[in-house]
Amino acid sequence: MTVNKLRAQPAPSVQLTGQVVASFGRSYRIELADGTLIECATRGKRSDIACGDRVNIQHSGDNSGVVESILPRTTLLYRSDAHRQKLIAANVTQAVIVVAPVPSFYDDLISRCLVACEHAGIAPLIVLNKTDLPQSAAAWSALAVYRTLGYRVIGICAKQDIAPLGELLENHTSVLVGQSGMGKSTVVNKLVPDAMLRVAETSLALDSGKHTTTGARLLHINASSHLIDSPGLQAFGLHHLSAEDTAQAFVEFRAWLGQCRFRDCTHRMEPGCAIDRAYAEGHIAAPRLASYRLLVEERLRAHARRYN
Ligand SMILES: Nc1nc2c(ncn2[C@@H]2O[C@H](COP(=O)(O)OP(=O)(O)O)[C@@H](O)[C@H]2O)c(=O)[nH]1
Ligand SMILES: [Mg+2]
Ligand SMILES: [Zn+2]
């Protein structure tokens, strides 16, 4: 009764700025500078808000509100297929690509993550987890190609010692990406020991009690280091990149671009292709060229389907 009386007077709504620390479908949890958490909906069906975004919200008095606008982003990591964009994280400075010897990882997914990072201006860090397993020597060799390209690759055993990774996350907002089973949740729990508790809380508040990590969330490691945990990736489409953008994002291609016979060469077996020649001469690794061609073909196929 008393509650109803209090509610009869609508609380004045105020505009506030905060950061998206969890996203579940179209529900968002916003953290204000003082740490207050506000559960927000969006107007209409907008779904262009990512974990890590800074947003203006209209706060309605209790613990809820509506996202009004997104402040300019420094970076945006996202994937896309023929139909839609899937935002992964906003305003991150670093992406941590987690792989493991078991279950086996896909080279192609690593290249896709690297391409997305290059395009978005985010520094990638490849982490081979589970170095305690005997199969890790083979996995380490499979990662040599990325080390040769100049990417940082480190090995950790998250179960035993997270410190070597922790150091590299200092003063960064990092997003964790990778296939499921690589040990992302283990990494998160070692870095932010009460993270699991928060998953349960967030799920209860935003996801009608389902204890699943379907959305991304931002966790604070310390005052200046933050971590965005994204759901496991199976597919990583990059339909928003043209063939030219894609070629540019393969760092080892850059030295040869502009030297093909045809100015609009897409480096898929056209005569006089400089990328093909560089590959034949051993300057470009087979899995990298394969990933490049797959990306370009996926996009062309989707385009052809749409216009035929
Ligand atoms: N041997 C070994 N297993 C690990 C390590 N880190 C995680 N795991 C195991 O790998 C499995 C998947 O881990 P999880 O963190 O759930 O992976 P996620 O799907 O990427 O979140 C679990 O059984 C973990 O116990 C590690 O450093 N060494
Ligand atoms: Mg997990
Ligand atoms: Zn070419």
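The values are calculated or read from the model by the stated rules, or taken from the named source; none is laboratory data. Computed from a predicted model, the values in this text were never measured in an experiment. With ideal geometry, Cβ positions are generated from the backbone for all residues, glycine too; neighbour counts draw on all protein chains shown. These area figures cover heavy atoms from the full protein model, side chains too; ligands, DNA and RNA do not enter into them. Shrake-Rupley method; radii C 1.70, N 1.55, O 1.52, S 1.80 Å.
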Strands (runs of 3 or more DSSP E) lying entirely in the range 34-148 (those with 2 or more residues that are within 16 Å of ligand 3 (Cβ to nearest atom) and farther than 30 Å from Ala304 by Cβ): none
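For residues that are more than 14 Å from Ala22 (Cβ to Cβ) and within 22 Å of the chain's Cα centre (by Cα), tally how many sit in the range 46-56.
Filtering the range 46-56 down to residues more than 14 Å from Ala22 (Cβ to Cβ) leaves 46-48, 54, 56.
Okay, now just the ones that are also within 22 Å of the chain's Cα centre (by Cα), so 46-48, 54.
Residues that pass the stated criteria total 4.
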Among the candidates Glu297, Glu244, residue that is out of contact with any helix residue (DSSP H, G or I) (no Cβ under 9 Å at 6 or more places or on another chain), without any contact (Cβ under 8 Å) to a residue 12 or more places away in the chain and outside any loop (DSSP other than H, G, I, E, B): Glu244
Looking only at the range 247-294, and only at residues there that are open to solvent by 70 Å² or more (accessible area, probe 1.4 Å) and in a helix (DSSP H, G or I), the one that is farthest from ligand 3 (Cβ to nearest atom): Leu294
Leu289 being touching a Lys or Arg at 6+ places or on another chain (Cβ under 9 Å), closer than 19 Å to Glu118 by Cα and away from ligand 2 (no atom under 16 Å from the Cβ): no
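Mind listing whichever residues of the range 149-182 are open to solvent by less than 30 Å² (accessible area, probe 1.4 Å) and part of a strand (DSSP E or B)? Explain how you work it out, then say what you get.
Going through the range 149-182, the residues open to solvent by less than 30 Å² (accessible area, probe 1.4 Å) turn out to be 151, 153, 156-158, 162, 165-166, 169, 173-179, 182.
Result: Val153, Cys157, Thr173, Ser174, Val175, Leu176, Val177.
Check Ala100, Ala90 and return the single one that is away from ligand 2 (no atom under 16 Å from the Cβ) and buried (at least 19 other Cβ atoms within 10 Å of the Cβ).
Numbers: Ala100 fails: away from ligand 2 (no atom under 16 Å from the Cβ).
From the options Ala100, Ala90, the qualifying one is Ala90.
With the requirement that a residue be open to solvent by 60 Å² or more (accessible area, probe 1.4 Å) and modelled with pLDDT of 95 or more, what does the range 13-32 give you? Can you show your working first?
Quick first cut of the range 13-32, residues open to solvent by 60 Å² or more (accessible area, probe 1.4 Å) only: 13-15, 17, 25-26.
Answer for the range 13-32, where residues must be open to solvent by 60 Å² or more (accessible area, probe 1.4 Å) and modelled with pLDDT of 95 or more: just Thr17.
Yes or no: Val66 open to solvent by less than 70 Å² (accessible area, probe 1.4 Å) and touching a His at 6+ places or on another chain (Cβ under 9 Å)?
Numbers: open to solvent by less than 70 Å² (accessible area, probe 1.4 Å): yes; touching a His at 6+ places or on another chain (Cβ under 9 Å): yes.
Considered against the rule, which asks whether it is open to solvent by less than 70 Å² (accessible area, probe 1.4 Å) and touching a His at 6+ places or on another chain (Cβ under 9 Å), Val66 comes out as yes.
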Residue match in the range 300-308 (condition: under 25 Å from Phe236 (Cβ atoms), surrounded by 13 or more Cβ atoms within 10 Å (Cβ to Cβ) and modelled with pLDDT under 95): yes
